[in-house]
Amino acid sequence: MVPIFTYRDERKLFAVIGAVIVAALIALVQLDAAKSGKPSIIADAVTSTAFVLQSTVAAVGGAVHGVGAGIAAAPHLAAQNAELREKNRALRSENARLREALALAPEATEIARTTAALPGGIDASTIGYDPENIDREITLDRGSRAGIAADDGVVNEDGVVGRIVTVTPLESTVLLVTDGASKVPAVVQRGRWWGIATGTNGRIRIEYISQDAKLRIGDAVVTGAGRSFRAGLPLGTISRIDHPDGALYQSALLEPAVAFGRISRVIVVPRTSIDDVAPAPRGD
Amino acid sequence: MPVRSDEDIARTRAFWVANRPSESAAPAYVPGAPVWWHAALALIAALVVQASFSQTIAFRGATVSFVTLVVAWYGIRTGTLSGLVFGLIAGACEDALAGSSGVAWTFATGLAGLVAGAFARSWLSDIKAALIAGVAVLSLVRYAAFVVALQMQNRPLAMPETHLHAALWQAALNALVAFLALQFGLEIGGRLAHRR
């Protein structure tokens, strides 16, 4: 007699049922989280694990960069310290390490100065990016445990970086002001003309400026008082003006104040501290 | 689409291993299902690389989606259901790391796994050109599904032209990496198998 249901068939059936249940669970958990606007359990678990991996990768990347900078500086060091290098190779690597530390010192000083000007600011480092590079986002190594909340502003010593869009216990995600979805109230400093700064996925465009505003190339643009930023933080300088005839408004393209390609340390400014402080003095 | 039996696959695989890969008439690019932890490690590596270096490895605004490649690889070596589950897990991880995409990657990558799985054990899965073209098409399908999922969450993609451009570049980059993997990865794997 031929068995109609074997152990092998049963295992296959259980595997199929299990796969369907897992697929449904993932979909439900994700949808539930999307509806509530909070990170899902999966997101918490993944970001907690990713935090360790990304921090490690970022640290290794930093070390490799440091060694690279040291190697790049080697010819200069060789000219100055040829005799010393000949005697002791170990001293050369030590020297390169010290040079890298020295190169980083101004940035640290600037960050410390900006932190001092922003009471309550939370110092954080960049550890990752949007995996698909679709949104202009960076991941920070601080999350809700450090006091970061959604919509907090993020700045560095040069100006506005972006705002917090997602927070998990150990990490947070910043939507950069260069992203197409970013909208920040902005003011042309010279004439106090208002507009809205939005990203172009690389640079910043200030839109809805009154037609009678006499814009000039090189005009500085700063933040207006808003939800995430207080007034006066640098956004960039005007590099192109679009003043079409018959249009209700004019717009301008900005050269960002922040070098978005090499952001390593930032300060998160909690929304609660925005109203209490005066504008930060510029480092220069 | 006609599906090959286990015996067919075993026979093709034995033929492939017995010959040097470059001389094989039936290359059998997708000989069987991978071990689960191989797939898990590949996914973790893909996620870490993308989350840490996506800006560094970006070309014309697009980055290679190693996650798509891993999902396509797993889907085509297993089947629709396994591909779907693996894609959902991979997408959920991407959503967690991306932050503001909601559930869009979960469903787009799940769909990609499902589509890849539909071609498992079919004649298409043994033709290198079809696999490479399939990766490009799958990348576009996934991107389109992502955009639709974003719209359904009331989060329309800003600057759609820029993103269309990036999607096309991503498809091309993914196909290029798939080509390199099939060309050199299998060559190396085949030689190792031949030695053993």
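The values are calculated or read from the model by the stated rules, or taken from the named source; none is laboratory data. Given the structure is predicted, the values throughout are model-derived calculations rather than measurements. Because the Cβ atoms are built from the backbone with ideal geometry, glycine has one as well, and the counts that use them run over all protein chains shown. SASA here: full protein model, heavy atoms, side chains in, ligands and nucleic acids out. Shrake-Rupley method; radii C 1.70, N 1.55, O 1.52, S 1.80 Å.
Regarding residue A:14, is this residue touching a residue at least 24 places away in the same chain (Cβ under 8 Å), more than 10 Å from every other protein chain (Cβ to nearest Cβ) and not basic (Lys, Arg)?
Spelling it out, it is not the case that residue A:14 is touching a residue at least 24 places away in the same chain (Cβ under 8 Å), more than 10 Å from every other protein chain (Cβ to nearest Cβ) and not basic (Lys, Arg).
Listed here are the residues, each with its yes/no results for (1) within 11 Å of chain B (Cβ to nearest Cβ); (2) touching a residue at least 24 places away in the same chain (Cβ under 8 Å).
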| site | (1), (2) |
| --- | --- |
| A:174 | yes, yes |
| A:179 | yes, yes |
| A:183 | yes, no |
| A:186 | no, yes |
| A:189 | no, yes |
| A:210 | no, yes |
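Test of understanding: among B:57, B:76, which residue is out of contact with any Lys or Arg (no Cβ under 8 Å at 6 or more places or on another chain), surrounded by fewer than 24 Cβ atoms within 10 Å (Cβ to Cβ), at pLDDT 80 or above and of a type outside the set (Gly, Ala, Ser)?
Among B:57, B:76, only B:57 is out of contact with any Lys or Arg (no Cβ under 8 Å at 6 or more places or on another chain), surrounded by fewer than 24 Cβ atoms within 10 Å (Cβ to Cβ), at pLDDT 80 or above and of a type outside the set (Gly, Ala, Ser).
Looking for whichever is within 28 Å of the chain's Cα centre (by Cα) and open to solvent by 40 Å² or more (accessible area, probe 1.4 Å) here; the options are A:240, A:216. Which one fits?
Only one candidate passes the filter, namely A:240.
Can you pull out the residues in region A:210-232 that are at pLDDT 90 or above, aliphatic (A, V, I, L, M) and more than 15 Å from residue A:178 (Cβ to Cβ)?
Listed by number, the residues that qualify are A:217, A:220, A:222.
Is at least one residue of region B:101-120 more than 7 Å from chain A (Cβ to nearest Cβ), outside any helix (DSSP H, G or I), surrounded by fewer than 24 Cβ atoms within 10 Å (Cβ to Cβ) and in contact (Cβ under 8 Å) with a residue 60 or more places away in the chain?
So far as region B:101-120 goes, yes, one or more of its residues are more than 7 Å from chain A (Cβ to nearest Cβ), outside any helix (DSSP H, G or I), surrounded by fewer than 24 Cβ atoms within 10 Å (Cβ to Cβ) and in contact (Cβ under 8 Å) with a residue 60 or more places away in the chain.
Assess whether residue B:138 counts as being closer than 25 Å to residue B:185 by Cα, open to solvent by less than 20 Å² (accessible area, probe 1.4 Å), more than 13 Å from chain A (Cβ to nearest Cβ) and touching a Ser or Thr at 6+ places or on another chain (Cβ under 8 Å).
Taking the combined requirement at face value, the residue satisfies it.
Please go through region A:21-38 and pick out each residue that is in contact with a helix residue (DSSP H, G or I) (Cβ under 8 Å, 6 or more places away or on another chain) and either at the interface with chain B (Cβ under 7 Å from one of its Cβ atoms) or of a type in the set (Ser, Thr, Tyr) (or both).
Once the filter is applied, which keeps residues that are in contact with a helix residue (DSSP H, G or I) (Cβ under 8 Å, 6 or more places away or on another chain) and either at the interface with chain B (Cβ under 7 Å from one of its Cβ atoms) or of a type in the set (Ser, Thr, Tyr) (or both), region A:21-38 yields A:22, A:23, A:26, A:27, A:30.
Picking from B:170, B:183, B:153, which residue would you name as being within 11 Å of chain A (Cβ to nearest Cβ), open to solvent by 20 Å² or more (accessible area, probe 1.4 Å) and polar (S, T, N, Q)? Quick ask: steps written out before the conclusion?
Values: B:170 fails: open to solvent by 20 Å² or more (accessible area, probe 1.4 Å); B:183 fails: within 11 Å of chain A (Cβ to nearest Cβ).
Sole residue among the options that is within 11 Å of chain A (Cβ to nearest Cβ), open to solvent by 20 Å² or more (accessible area, probe 1.4 Å) and polar (S, T, N, Q): B:153.
Among what's in region A:47-56 and is free of Cβ contacts under 8 Å to residues at least 24 places away in the same chain and aliphatic (A, V, I, L, M), pick the residue that is most open to solvent (accessible area, probe 1.4 Å).
First, the residues of region A:47-56 that are free of Cβ contacts under 8 Å to residues at least 24 places away in the same chain: A:49, A:52-53, A:56.
From what's left, aliphatic (A, V, I, L, M): A:52-53.
Numbers: A:52: 87, A:53: 68 Å².
Restricting to residues being free of Cβ contacts under 8 Å to residues at least 24 places away in the same chain and aliphatic (A, V, I, L, M), the top hit is A:52.
Which one of the conditions (1) open to solvent by 50 Å² or more (accessible area, probe 1.4 Å); (2) away from chain A (no Cβ under 13 Å); (3) more than 19 Å from residue A:28 (Cα to Cα) does residue B:160 fail to meet, given that it meets all the rest?
So the condition that residue B:160 fails would be (2).
How many of the residues in region A:159-172 are open to solvent by 10 Å² or more (accessible area, probe 1.4 Å) and assigned to a strand (DSSP E or B)?
Number of matching residues: 4.
So is residue A:76 within 14 Å of chain B (Cβ to nearest Cβ) and either at pLDDT below 75 or touching a Lys or Arg at 6+ places or on another chain (Cβ under 6 Å) (or both) or not?
no
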